[in-house]
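Quick notes on the structure that follows.
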Amino acid sequence: MSVDKKDLEQSETVRHLTADELQEIEESFDPELRFRVLAWPLTILTSAVLFLLSCYHFYTAGFGIPQATVHRGLHLGITLLVVFLSFSAFGKKEIRPGALAPFGLPLADWVLGIAGLIAALYVPWIYDDLAFRVGNPLPIDVVMGTILIVVLLEAVRRSMGWPLPVIALLFIAYAYFGKAMPGIFVHPGASWTNIVNHLYLTSQGIYGTALGVIATYVFHFVLFGVMATRIGLGQLFIDVASALAGRYAGGPAKVSVLSSALLGSISGSSIANTVTTGALTIPAMIRIGYPRHFAAAVEAAASTGGQITPPVMGAVAFLMIEYLGLPLTTILTAALVPAFMHFFGVLVQVHLEARRLGLRGLSLDELPNAWKVLKEGWLSVVPLIVLVAILLSGRTPFSAAFWSITACIGVLVIQQVRESGVMHGLRGAAHGVWEGFILGAKQSLSVTAAAALVGVVIGVVTLTGVGFKIAYMVTGLAQDWAASVHGMLAVLPFELMGVPTLTLLFTLILTAVVCILMGCGIPTTANYIIMVAVAAPILGLLGVEPLVAHFFVFYYGVLADVTPPVAMAAYAGAGIANANAFKAGNTAFRLSMGKALVPFVFAFQPALLLVTQNFTWTAFFLAFAGTVLGIWALAAAVSNWLFSTLRWYERIALVFAAILLVAPDLVATLIGILLMAPIAARQLLGKDRTAAG
């Protein structure tokens, strides 16, 4: 990569953005945070409802939830009401009072919010009679179901944009117009009554697993992340990362990677992580000489790792519990090595880029003291320790959330009392809990609405069986391609890949492309749920273990956050760096190559996930070592630096070496090492070495 002269010239003028400017950047790239400014009576009402919603979930986490449908309906109904209070129809933050706008809120928003509340609570209300209604709904059931579907479409459009509502409408149209569908996609079709019956009155639709996981698990961990940040855990992570990594070559970039990994353990939002850590690391990266677009890309690539980092993993870890029927500890164990590979891949490229450009680390005067940071902030780590300890003990995730949130409240009280005395401290702590509970509930609004609407998509899949039809079509296409390629490879004196292996490879590629395309307009959680219903069965037909298939579609859904043309995390980083957004997106995708390579590795060698069937340590170490070397080789090729500048043919050789090294086969790994070794030896021993820094 060549140094952008303009970038280096502008590095002298880099400045830190204000809190308001950072919030504006975050809102501009994350529609889930574009809350409108309400008149004071509505502000009080909305805040009170959000606070009570958090209190309800905090209580149920510790003392048990009511019947599932009642719990989900109550959560959804209140969420829909608040969505129409908080998000305007056309993204405008300011509202004006008028005759048709009581308290400054348009009358249509009142109607939609209250209608959504009533329609969502209707199913719990008739729950005792539900067994007699399913399959034979009353006219009022169809009316209420229709209202809820319409309100959900509008709620998600306001809080997340058009992509997911459009997909839901297409699936509904597919269910209704089944007889007109082409080829294998034809089906008898369903009447509107049958569609509403399936989507509204059964557990296969709106009130299904997706909404249940959000209401039972995810809300609590969003609340924990907010409260943990409020007591200073996020800042502690950034300070510790600075103290540990800042002094090395290209220090701020390495701080960005490490702090994003730590912060990602409690927060699953790529954009929020980019803005939170990037506010400090991006200006520092530019100041020591990294090009602006590269600085933005580093932060974005590292921040997307938050969604794959245990123990929270955004919301997906808890969805996997329900879909796979596995303990959370199994899911988190499986996530460890792939998460490490992602951050390792980013870190290697950051290091090589720093060496190539001859960049310095931060001086001691620019770094915090690690012992001082830990001495002053150790108390904020206690809730995270409580969370991990309870999860590892085998107790329920919502029990872990309850006690970790309780620990956050306890730490907040201690901090405030230490700072302001007993009376003022207790008032300050109460205010902190009030604000934290409101923000936690606020951040769950869009994901709840999206999960309910995804239930519509899942309901259509189960109603029509379209998932298996798509699986049959994709595997058939992959088999045709595999047969053609195998025929072309027949000229080789040995068999490089058999037809089954090629079929799986092409199926994985097609699945990855679909996941990335879906992820361009849909949040990770919603993308994962849809892909589990549509894409995971494709891999299952080829004998891929369910855990492996779920992780594969999850990783490629997350990759969409740094995949142009819709790389929102990269664009947020570019906003902070004042860099070219598309250039930042392309670089962020390149930096995330570890996340792109690793799913293929564990698809062919599941031992990399540690907990799969037929696990052996021999297979694990072969896959682990090969992947580490392969990531390093590919990073060197794209960075044009190993120990010094590479020759053009060496870069090509390293690309081939990387492909062979990540292949879970001993012979391929050895060939990859033989390709890489002479290049490394020449640079280490040769006289033309020109290492910088």
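The values are calculated or read from the model by the stated rules, or taken from the named source; none is laboratory data. No experiment lies behind these values; they were computed from the predicted model shown. Positions of Cβ are generated from backbone atoms using ideal geometry, with glycine treated the same way; all protein chains shown enter the neighbour counts. For the accessible areas, the whole protein counts, side chains as well, though only heavy atoms, and no ligand, DNA or RNA atoms are used. Shrake-Rupley method; radii C 1.70, N 1.55, O 1.52, S 1.80 Å.
If you bin all the Cα-Cα distances of the stretch 178-226 at 5 Å, starting from zero, the percentages per bin are 5, 18, 14, 13, 14, 12, 8, 7, 6, 3.
For the chain, carbon and sulfur atoms together expose 68% of the accessible surface, with a 1.4 angstrom probe and every protein chain in place. Once you sort the root eigenvalues of the Cα gyration tensor of the stretch 569-610 as a ≥ b ≥ c, which label holds: rounded (a/c under 1.5), prolate (a/b larger than b/c) or oblate (the other case)? It is prolate, given that a/c is not under 1.5 and a/b is the larger ratio.
For the stretch 472-554, the list of chymotrypsin sites (Phe, Trp or Tyr not before Pro) that fall in a loop by DSSP and count at most 15 other C-beta atoms within 10 angstrom reads Phe494.
Rolling a 1.4 Å probe over the protein heavy atoms gives the chain an accessible area of 40 Å² per residue. What is the stretch 161-307 by shape, rounded, prolate or oblate, if you read a ≥ b ≥ c off the alpha carbon gyration tensor as root eigenvalues and call it rounded for a/c under 1.5, prolate for a/b larger than b/c, and oblate otherwise? Prolate.
Residues of the stretch 217-249 falling in the label zone of Arg360, defined by backbone nitrogen less than 20 Å from a point 7 Å along Cα to beta-carbon, are 242-249.
Ordered by 1.4 Å accessible area with all protein chains kept, Met144, Met531 run largest first as Met144, Met531. Assuming R0 = 56 Å, what is the FRET efficiency of Leu45 and Lys375, from their Cβ-Cβ distance, to the nearest 0.05? The formula returns an efficiency of 0.80 here.
Hey, how much of the P(r) for the stretch 244-365 falls beyond 25 Å, as a percent of Cα pairs?
Every Cα pair in the stretch 244-365 considered, those over 25 Å come to 27 percent.
Hydrodynamic radius of the chain by the Kirkwood approach over all distinct alpha-carbon pairs: 26.6 Å. Cα centroids of the stretch 583-630 and the stretch 234-299: how far apart, whole angstrom? Between the Cα centres of the stretch 583-630 and the stretch 234-299 lies a distance of 24 Å.
Taking a ≥ b ≥ c as the square roots of the Cα gyration tensor eigenvalues, with a/c under 1.5 meaning rounded and otherwise prolate when a/b beats b/c, else oblate, which class fits the stretch 101-201? Because a/c hits 1.5 or more and a/b fails to exceed b/c, the stretch 101-201 counts as oblate.
Each of Thr146, Leu610, Ala653 was placed along the dipole of the chain (beta-carbon charges, centred on the mean Cα), and the one lying farthest toward the positive end is Ala653.
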